[in-house]
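Novice: Attaching a single structure in structure tokens format; questions to follow.
The values are calculated or read from the model by the stated rules, or taken from the named source; none is laboratory data. This is a predicted model, so every value here is computed, not measured. Using ideal geometry, Cβ is built from the backbone for each residue, glycine included, and neighbour counts are taken over all protein chains shown. The area values use the complete protein model at the heavy-atom level, side chains included, leaving out ligands, DNA and RNA. Shrake-Rupley method; radii C 1.70, N 1.55, O 1.52, S 1.80 Å.
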Amino acid sequence: MPAFAPFRPMGLTHGVHRMLLPLFIALGATGAVVLAWAVSPWWWWAAAVLLALTALAVRDLAQRRHAVLRNRPLLGHLRFLPRPDDGDVRGIVYERAGGVEAEEPFGTGLDLYGNGYEYLEPSMCPVEMPDEPPVVRVGGPDCTQPYDMALLNVSAMSFGALSSHAILALSRGAALGGFAHDTGEGGLSDHHLRGGGDLIWEIGSGYFGCRTPEGGFEAREFADKAALPEVKCVSLKLSQGAQPGIGGVLPGAKVSAEIARARGAPKGEAVVSPPYHRVFSTPRELVCFLARMRELAGGKPTGFKLCVGSRRQFLAVCKAMLAEGVSPDFIVVDGAEGGTGAAPPEFAASLGTPLTEGLITVHNALVGTGLRDRVRIGASGRVATGSDIVKRLAQGADYTNAARAMMFALGCLQARRCHTNTCPVGVATQDPRRVRALDVADKSARVHRYQRATVRSASRIMAAMGVRDPAELGPHQLLRRTDPATVRSYAQLYEWLEPGVLLAEPPASWEADWKAADPDAF
Ligand SMILES: Cc1cc2nc3c(=O)[nH]c(=O)nc-3n(C[C@H](O)[C@H](O)[C@H](O)COP(=O)(O)O)c2cc1C
């Protein structure tokens, strides 16, 4: 047994397990009543406490609002005890999801004089906040069905990593709020479609949902599913911040009939996503495959997601775009600080570029090659609040996605058991009893409220900065303390390329990578 595996009495199902504590307490209460009659009236005190706990346990089991209380009656009330890594982000998400305006009395408790403190620049002449939340049009010159993307969307999380109820609640939340929900690489499931939200269908190296029996890409199936009206965009996943460069195996035991159907794989057999894609091995082939995806998808916006590694490799992709005259409609940059259902700790901690540098690299490369106007940039990696959104927009993104914050909105307690199938709130598990405890109607409303309040907060911040259109934001408006006496803007801290400069006269700092970038070899 691993040292920190959660204790579970052997041989007991979850249903029996969750009833044990209430049963013991009810038995204790009965015993105390008997003793009060037979031995001493002092036992009434113990009986009163135990009867009250029994009543609370019955209420926990009967209510539908909190999955954790149904799954863990009585013990679930301890969920608000502080944890070592508890920031206030989870609290803000819970409050916004619950419909409470997350506001603080008395001012911030942050150390504003510590190195690394960041702030946005308010204007002496703020503007009115817009009535409608801003959207960003995604769709370059080769796209025939552009999509208006919200500033905050649900980041990729598969059915398999998340439960059916969690997927359905996210999709319904997206439908209520008019934002996009990325399917994750585990295929397009009935739960995604039933929710009615706008979907970004992601395919990874396993091509789940459009997969040949040998594990290759099946074009006909892809085209049929991409044509569904719920699918607004299609996305090719190259890598993920928490685990760049590794594929994955879903063990046969987890490949239920439903998951097998969504992934297009045989039930009960392990499904493998290789670490690399079979459909391309050079930057040019990648770009041509993206063009093929867009054609098969009837001209819907098509893009890719990556955690940035080598700048030279990304420049090679830009050169391939220029050579082929083809560009994706969007690129999602995922920071190394991103989340995962399960990844080796070394990968999460030591591989990949953090979001700030990854985002600025991709933005600069597209600006420097004159491609920025055609390609929208999405950013993901610990985006949870309005100021997170505005900071990423100031650093070069056009919109943002959130995964773990959306999990919080669904009721995630950060139990960190996503990989054990024992998630106490029914979010990241396939155990049917735990899944049933997640009330879809309640949680979809929470997802909707959280997204709406967070985008509203971003709009309010931009208005305070005197910004009417998110496209007006720039790196000069985001400041960072670099030592006790120095504050510098992102415009000063990083190099920002002029449009087309890499084609005309690459600056010395980019010249070596630009020269070495080869559209026919990574
Ligand atoms: C449970 C879970 C499952 C995920 N599954 C996928 C996936 O299937 N495809 C993908 O591209 N990213 C996946 N991700 C990564 C997220 O989409 C996102 O890029 C990353 O977590 C950063 O966002 P965050 O900091 O808001 O969580 C997953 C993340 C989590 C937490």
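Each row is one residue, and each column tells you yes or no for (1) within 16 Å of the ligand (Cβ to nearest atom); (2) not in a strand (DSSP E or B).
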site: Gly303; (1), (2): yes, no
site: Gln313; (1), (2): no, yes
site: Ala316; (1), (2): no, yes
site: Leu322; (1), (2): no, yes
site: Gly338; (1), (2): yes, yes
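Novice: Further question on the same structure: Hey, could you check region 196-209 for residues that are open to solvent by 10 Å² or more (accessible area, probe 1.4 Å) and more than 12 Å from the ligand (Cβ to nearest atom) and say which is farthest from Ile331 (Cα to Cα)?
Specialist: It comes out as Gly196.
Novice: Does Ala428 fit the bill of being surrounded by 22 or more Cβ atoms within 10 Å (Cβ to Cβ) and at pLDDT 95 or above? Write out each step before concluding.
Specialist: Values: surrounded by 22 or more Cβ atoms within 10 Å (Cβ to Cβ): yes; at pLDDT 95 or above: no.
No.
Novice: Something else now. Does region 438-451 contain any residue that is in contact with a strand residue (DSSP E or B) (Cβ under 8 Å, 6 or more places away or on another chain), within 12 Å of the ligand (Cβ to nearest atom) and closer than 19 Å to Ser155 by Cβ?
Specialist: no
Novice: Among (1) open to solvent by 80 Å² or more (accessible area, probe 1.4 Å); (2) outside any strand (DSSP E or B), where does His165 come up short?
Specialist: The single condition His165 does not satisfy is (1).
Novice: Given the criteria farther than 17 Å from Asp142 by Cα, in a loop (DSSP other than H, G, I, E, B) and among the acidic types (Asp, Glu), does Glu285 qualify? If you could, list the steps in order and put the result at the bottom.
Specialist: Details: farther than 17 Å from Asp142 by Cα: yes; in a loop (DSSP other than H, G, I, E, B): no; among the acidic types (Asp, Glu): yes.
So Glu285 fails the test.
Novice: For region 176-191, indicate whether the set of residues that are among the hydrophobic types (A, V, I, L, M, F, W, C) and away from the ligand (no atom under 16 Å from the Cβ) is non-empty. Step through it out loud before you land on a result.
Specialist: Of region 176-191, the ones among the hydrophobic types (A, V, I, L, M, F, W, C) are 176, 179-180, 188.
After this cut, where a residue has to be away from the ligand (no atom under 16 Å from the Cβ) as well, the list is 176.
Yes, the conditions are met somewhere in region 176-191.
Novice: Kindly indicate the residue of region 481-497 that is surrounded by 12 or more Cβ atoms within 10 Å (Cβ to Cβ) and not aliphatic (A, V, I, L, M) and also farthest from Leu120 (Cα to Cα) among those meeting that condition.
Specialist: Initial filter on region 481-497 (surrounded by 12 or more Cβ atoms within 10 Å (Cβ to Cβ)): 481-482, 487-494, 496-497.
Filter again for not aliphatic (A, V, I, L, M), leaving 481-482, 488-490, 492, 494, 496.
Numbers: Arg481: 12, Thr482: 15, Arg488: 12, Ser489: 9, Tyr490: 10, Gln492: 14, Tyr494: 16, Trp496: 19 Å.
Applying the filter and picking the extreme gives Trp496.
Novice: Sticking with this structure for a sec: Being away from the ligand (no atom under 11 Å from the Cβ) and open to solvent by less than 20 Å² (accessible area, probe 1.4 Å) is the filter here, so list the residues in region 398-409 that pass it.
Specialist: The initial filter retains those residues of region 398-409 that are away from the ligand (no atom under 11 Å from the Cβ), namely 398-399, 409.
Result: Tyr399, Ala409.
Novice: Does Ala223 fit the bill of being within 21 Å of Met157 (Cα to Cα), assigned by TED's automatic domain parsing to the domain that holds Ala323 and either more than 15 Å from the ligand (Cβ to nearest atom) or among the aromatic types (Phe, Trp, Tyr) (or both)?
Specialist: No; evaluated as a whole, the condition is false for this residue.
Novice: Further, regarding this structure: Is it the case that Phe330 is within 30 Å of Ile92 (Cβ to Cβ), assigned by TED's automatic domain parsing to the domain that holds Met149 and within 20 Å of the chain's Cα centre (by Cα)?
Specialist: Details: within 30 Å of Ile92 (Cβ to Cβ): yes; assigned by TED's automatic domain parsing to the domain that holds Met149: yes; within 20 Å of the chain's Cα centre (by Cα): yes.
Here the answer is yes, as Phe330 does meet what is asked.
Novice: While we're on this one: Considering only region 129-151, state which residues are of a type in the set (Asp, Glu) and under 20 Å from Thr454 (Cβ atoms). Step through it out loud before you land on a result.
Specialist: Of the residues in region 129-151, the ones of a type in the set (Asp, Glu) are 131-132, 142, 148.
Of everything in region 129-151, those that are of a type in the set (Asp, Glu) and under 20 Å from Thr454 (Cβ atoms) turn out to be Asp131, Glu132, Asp148.
Novice: Within region 391-411, track down each residue that is in a loop (DSSP other than H, G, I, E, B) and closer than 25 Å to Lys305 by Cα.
Specialist: Of region 391-411, the ones in a loop (DSSP other than H, G, I, E, B) are 395-398, 403, 410-411.
Selection gives Gln395, Gly396, Ala397, Asp398, Ala403, Leu410.
Novice: Additional query: Could you run through region 340-357 and say how many residues are assigned to a helix (DSSP H, G or I), of a type in the set (A, V, I, L, M, F, W, C) and in contact (Cβ under 8 Å) with a residue 24 or more places away in the chain?
Specialist: 3
Novice: List the helices (runs of 4 or more DSSP H) inside region 1-95, counting only whole elements, that have at least 1 residues being within 24 Å of Ala405 (Cα to Cα) and at pLDDT below 85. Full working, then the answer.
Specialist: Values: elements: 14-38, 43-62, 67-71.
Filter on region 1-95 gives 67-71.
Novice: Take region 269-318 and flag every residue that is polar (S, T, N, Q), more than 12 Å from Phe522 (Cα to Cα) and surrounded by fewer than 24 Cβ atoms within 10 Å (Cβ to Cβ). Break it down stepwise before answering.
Specialist: We begin by selecting, within region 269-318, every residue polar (S, T, N, Q); these are 273, 281-282, 302, 310, 313.
Pick out the ones that are also more than 12 Å from Phe522 (Cα to Cα) and you get 273, 302.
Ser273, the sole residue that qualifies.
Novice: Still on this model: Show the residue pairs that are 6+ apart or on different chains and have beta-carbon atoms under 9 Å apart, the first residue being within region 457-476 and open to solvent by 30 Å² or more (accessible area, probe 1.4 Å), the second being acidic (Asp, Glu).
Specialist: Listed pairs, sorted by first residue: Arg468/Glu128; Ala471/Asp398; His476/Glu121.
Novice: If you take just the helices (runs of 4 or more DSSP H) that sit entirely in region 420-521, which of them hold at least 1 residues that are basic (Lys, Arg)? Walk me through it before giving the result.
Specialist: Values: elements: 432-436, 440-464, 490-493, 501-504, 508-516.
By residue number, 432-436, 440-464, 508-516.
Novice: Can you tell me which residues in region 113-157 are without any contact (Cβ under 8 Å) to a residue 60 or more places away in the chain and open to solvent by less than 80 Å² (accessible area, probe 1.4 Å)?
Specialist: Asp148, the sole residue that qualifies.
Novice: Here is a further query. Going residue by residue through region 359-380, is there one that turns out to be open to solvent by less than 20 Å² (accessible area, probe 1.4 Å), touching a residue at least 12 places away in the same chain (Cβ under 8 Å), closer than 30 Å to Val427 by Cβ and outside any strand (DSSP E or B)?
Specialist: Yes, because at least one residue in region 359-380 is open to solvent by less than 20 Å² (accessible area, probe 1.4 Å), touching a residue at least 12 places away in the same chain (Cβ under 8 Å), closer than 30 Å to Val427 by Cβ and outside any strand (DSSP E or B).
Novice: Residues in region 222-262 that are without any contact (Cβ under 8 Å) to a residue 60 or more places away in the chain and in a helix (DSSP H, G or I): how many?
Specialist: Within region 222-262, residues that are without any contact (Cβ under 8 Å) to a residue 60 or more places away in the chain and in a helix (DSSP H, G or I) number 6.
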